[in-house]
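Notes follow the structure.
The values are calculated or read from the model by the stated rules, or taken from the named source; none is laboratory data. Being a predicted model, the structure only gives us computed values, none of them experimental. Please note: Cβ atoms are built from the backbone with ideal geometry, for glycine as well, and neighbour counts cover all protein chains shown. Only protein heavy atoms, including side chains, enter the accessible area calculation; ligands, DNA and RNA are left aside. Shrake-Rupley method; radii C 1.70, N 1.55, O 1.52, S 1.80 Å.
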Amino acid sequence: MTTYIVAVGSYYEPVGDELPPLKKLVQETVGSNIRRVGRFIQLALIGGGRASSQLSNEAAVYLTSGSGDVEATVGVLNTIYRQAEPPRPLSFINTVSNAACFYIAQSLQLNGASSFVSSRYFTVETSLRVALLALEQGQQKAALVGAVDSVVLPIEEHRQRLRINAQTDVAEGSHWFQLVADASDRTVLATLDAVQHFTDREALSAWLAELPVEADDCLALGQSIESDEADHWLVETGLPPFNFREAPAYFKSLAGLVFCEFVRRGAGRLIYLNRDPVGRYMAVVISC
Amino acid sequence: MNVTRPRHQAVFLGAGIHSSLGNGVEANLAALKTAPQAPTLLNNTVTDEALQIPYKLLFESPLTELQHRLYRVIDDVAEQALSDAGLSESERRNMSLYLGSSSFDIGVSEADYQRQLAGESESCKALALLDPSMANLADYLVGSLGIRGEDVSFNTACTASANALLTAVAHVEAGLIDHALVVGVELYNDVTALGFYSLDLLTRSVMRPFDSARDGLVLGEGVSALVIGRDPNDGRRRFHLRGGANLCDTYSITMSNVDGSAIAEVMTRALANAGVSAAELDVIKVHGTASLANDEAESVGMHAVFSSLPRVCALKPFIGHTLGACGLNELILFYRAIEAGFLIATPGISADAGDLNVVLNQRLSSVESGCFMLNYFGFGGNNTSLIISNQVSHYGEDES
């Protein structure tokens, strides 16, 4: 069966010493002001809301993040250890990552399944894989799949927390995809053809060798692939790289931005590869 | 590239657990035949010298060296399940990992932050939550067990490991993998302990779900693991997930809608997914947090689905509320107890219908085979209902 991408929604903003305000964007996107929520949930509402056109109220929500709601968790840790006070109830509740799923479901009036899923090096890939299989198996008919990463100031601490160097530009991102199993009454932007896991490089190479190459294919490589290995895959596949903008600023779920930009471009097929430090790989294939 | 894969029956091949009752399935089953015990009152001096938080801590595992303790316990419990399942080295290498938790390794981050704060100076500021990821714990297990399959971490509050199980079974049944290791983890941490203290949901006595005298929950530690794989068809009758459902209730982020409608809906969907009627169900394992409103919502939901309730049992009086791990902890204790020949009983707790009209099983009794519903309802309105069975099935025919 085919899984269709019928809407994408994104928010991407490089961050300096100040954080761009989000309240107005949330209100514009979901039509109401959601009170007492932090930046992570606001970002989720903006990205999710932008991908929610004609969304079925039975759609499942799959949210992922590279770092999770750092602001909420750091806030609670500081309340406990710096102020020596128990956390406020709602602050504690918002440390649970699926709090963002709740606010999305409530704002978009959804009552389907809802999950926060994650994998350290394959954040976006894993959420898409879980959603794709649920659609392929008929467990879900529609899904809103998104990846959110926020910045917690000061910016130097944010870089230190993420263990990136002081020169690296950082960004916030919220990138979402509306997937459906039946697109008969929808405008199709793309198809999500495959989200595959590979135990090692040889398994990926074998799979790529069987993949029929088309003239307008292009290759994108994930954040964990070093430049030497990137060259290897460009040579092995013979595909041109997908260049969508000058080097984007860093956030952990950058793959979400890559996929959204490719779908927006609206032509060709994207083959995306990523790896983790132990040498496992994942591939995502999207056709427009 | 989208392929139609053959569907395979996935069964429970092996289990491991370390809870407040004991370490290992057999130790836990032995303790389940005795009466539930009151919790330990744990001194938490971080915010108040006199604060005591009721807790069911892991059996014979002192709260010291938290990172080492966490890794030692999950390694041990995973090994219990893998040995029980008899997986070969190759099968272990290729299996995928599905981990559910509410707190993952936050206790490790807390200890690190406290260490930094103790040495904080003008030139060296302490920084909370270094290298954050919900999947750090799964990443540890991938390395520790040499897993080359995929890993997926679930954080959906009290339904986390139940949702991990749903996805794991789906992946095995779809033929994507031969084996899945599902892990539920919940260990002591200050954020959870003080968070629940702030919510004023805790009792110092034994939890009494659905009882007219219920007065709150006890937090519990628990780590469990379950190996899922294709049925080896060796003549042994094995438990399997026959169906399930997960839905989001948007009534409130902290409590279920007391009209029971969202809970009734997820149970109804689970029954439909499993292809069984309410009348065919033999036992319900309740979520049963012993809080006033949530037990009321669960009761109303059950009565909306079942014209008369089948036998009902509860696990939390024994092990406390193990939050994100309760999905797997309670499933393993429930199904292994039935395999061992008894249905869990909580004598004296909800012994009569009371204000919620729910009677919990009062004495150890046998159940040989049947269909069983296990319910879990969490913060964020995340509701999951599982239907498990040990009835012989011919997958693709009577249980497809």
**For A:Leu189, net neighbour charge (Lys/Arg +1, Asp/Glu -1) across residues whose Cβ lies under 11 Å away** = +3
**Prompt:** Which percent of the accessible area of segment A:190-287 is formed by carbon and sulfur heavy atoms (probe 1.4 angstrom)?
**Reply:** 50
**Request:** Please compute how much accessible surface disappears when B pairs with A, both sides summed, using a 1.4 Å probe, and round it to the nearest 100 Å².
**Result:** 5900
**Request:** Identify the GluC sites (Glu not before Pro) of segment B:97-186 meeting these criteria: DSSP loop state and at most 15 other C-beta atoms within 10 Å of the C-beta.
**Result:** B:Glu120, B:Glu122
**Message:** A 31 angstrom limit on the alpha carbon distance is what I want to check against. Which of A:Lys24/A:Lys252; A:Lys252/B:Lys316; A:Lys141/A:Lys252 exceed it?
**Reply:** A:Lys252/B:Lys316
**Prompt:** On average, how much accessible surface per residue is there in segment B:10-389, in Å², for a 1.4 Å probe, leaving out ligands, DNA and RNA?
**Reply:** 32
**Message:** Threshold 20 Å², probe 1.4 Å: give the residues of segment B:234-261, in number order, that are less accessible with all protein chains present than with their chain alone.
**Reply:** B:Asn246, B:Leu247, B:Cys248, B:Thr250, B:Ile253
**Complete:** Within the protein assembly as shown, the percent of DSSP beta bridges that are antiparallel, given to the nearest 5, stands at 70
**Message:** Explain nothing, just compute: Karplus ³J(HN,Hα) = 6.51 cos²θ - 1.76 cosθ + 1.60, θ = phi - 60°, for every residue of segment B:147-163 in order, whole Hz, x for Gly and Pro.
**Reply:** 6, 10, x, 7, 10, 10, 9, 10, 10, 10, 6, 6, 9, 4, 6, 5, 5
**Prompt:** Quick one: net charge of A:Ser287's neighbours, Cβ under 13 Å, K/R +1, D/E -1?
**Reply:** -2
**Request:** Count the DSSP beta bridges whose two residues both fall in segment B:10-389, then state the antiparallel fraction as a percent rounded to the nearest 5.
**Result:** 65
**Complete:** Using eta = 1.306 mPa s and T = 10 °C, Stokes-Einstein with Kirkwood Rh from Cα pairs puts D for chain B, in µm² s⁻¹, at 75
**Asked** Cα centroid distance between segment B:46-77 and segment A:3-20, in Å?
**Response** 40
**Whole-angstrom gap from segment A:67-143 to segment B:255-293, using each part's C-alpha centre** = 23
**Request:** Sort B:Asp355, A:Asp149, B:Asp76, A:Asp17 by accessible area with a 1.4 Å probe, largest first.
**Result:** A:Asp17, B:Asp355, B:Asp76, A:Asp149
**Prompt:** Among bridges DSSP assigns within segment A:4-180, what percent are antiparallel (round to 5)?
**Reply:** 70
**Item:** MRE, 222 nm, helices only [DSSP H, n ≥ 4, -39500 (n - 2.57), over chain B, to nearest 500]
**Value:** -9500 deg cm²/dmol
**Prompt:** In a shell of Cβ-Cβ distance under 11 Å around B:Arg237, excluding B:Arg237 itself, what net charge do Lys and Arg (+1) and Asp and Glu (-1) give?
**Reply:** -2
**Prompt:** What's the average, rounded to a whole number, of partner chain beta-carbon atoms within 10 Å of each residue's beta-carbon in B:195-207?
**Reply:** 3
